[in-house]
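S.K.: Below is a structure I'd like to ask you about.
Laboratory data are not the source of any read-out in this text; all were calculated from the coordinates shown. As the structure is a computational prediction, the values presented were derived from the model and not from experiment. All Cβ positions, glycine included, derive from the backbone under ideal geometry; neighbour counts span all protein chains shown.
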Amino acid sequence: METVNLFRLKRSDQGTEGLLVVGDFECKTLELPWRDNQPQISCIPAGTYDVEIRLSNKYGRIYWVRKVPNRTYILIHSGNYAGDESKGFKTHVMGCILLGKTMGFLGGQRAVLNSRITVRAFMEELNYEPFQLRIQEAFRRAE
């Protein structure tokens, strides 16, 4: 089974930014800020998870991160924002992982860009097969 690494690099109220790597494929990630693994407002804990295809009413065939403690239906899908709504930021997730080709800003908020094509390319890279996702905290020190 293939291992996919997600390195979390930066965290703010606008989301948790990261880099996802498998073989020669790399893309940016955006997740909710860490809020003690609270459902719908926090990213999931660092760790290793089994991931498989699931049929979603909203996203069609999509990757599902399984057996996340105290969480359900964590998906890897397209979207742009993963900010803390309680602080006035937009979000397209309730704990899921967004993929994008680059990081940038939309409407003044941090966002992943070119998300749909990146998710499709990621799924094709893995041939829609199950994999293990290893999420690692790799935060950089503030300058």
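S.K.: Inspect segment 65-74 for any residue being surrounded by 15 or more Cβ atoms within 10 Å (Cβ to Cβ) and touching a Lys or Arg at 6+ places or on another chain (Cβ under 7 Å) and give the result as yes or no.
M.R.: No, segment 65-74 contains no residue that is surrounded by 15 or more Cβ atoms within 10 Å (Cβ to Cβ) and touching a Lys or Arg at 6+ places or on another chain (Cβ under 7 Å).
S.K.: Same structure again: Among the residues in segment 14-28, are any touching a residue at least 12 places away in the same chain (Cβ under 8 Å), surrounded by 17 or more Cβ atoms within 10 Å (Cβ to Cβ), touching a His at 6+ places or on another chain (Cβ under 6 Å) and at positive phi?
M.R.: no
S.K.: If you go through segment 98-143, how many residues are among the aliphatic types (A, V, I, L, M) and over 23 Å from residue 42 (Cβ atoms)?
M.R.: Matching residues across segment 98-143 total 5.
S.K.: Taking residue 94 as the residue in question, decide whether it is surrounded by fewer than 21 Cβ atoms within 10 Å (Cβ to Cβ) and assigned to a loop (DSSP other than H, G, I, E, B).
M.R.: For residue 94, the condition - surrounded by fewer than 21 Cβ atoms within 10 Å (Cβ to Cβ) and assigned to a loop (DSSP other than H, G, I, E, B) - is met.
S.K.: Are there any pairs, at least 6 apart or on different chains, whose C-beta atoms fall under 9 Å, with the first in segment 96-107 and within 23 Å of residue 35 (Cβ to Cβ) and the second aromatic (Phe, Trp, Tyr), and if so, which?
M.R.: 96/73; 97/63; 98/81; 99/122; 106/81; 107/81
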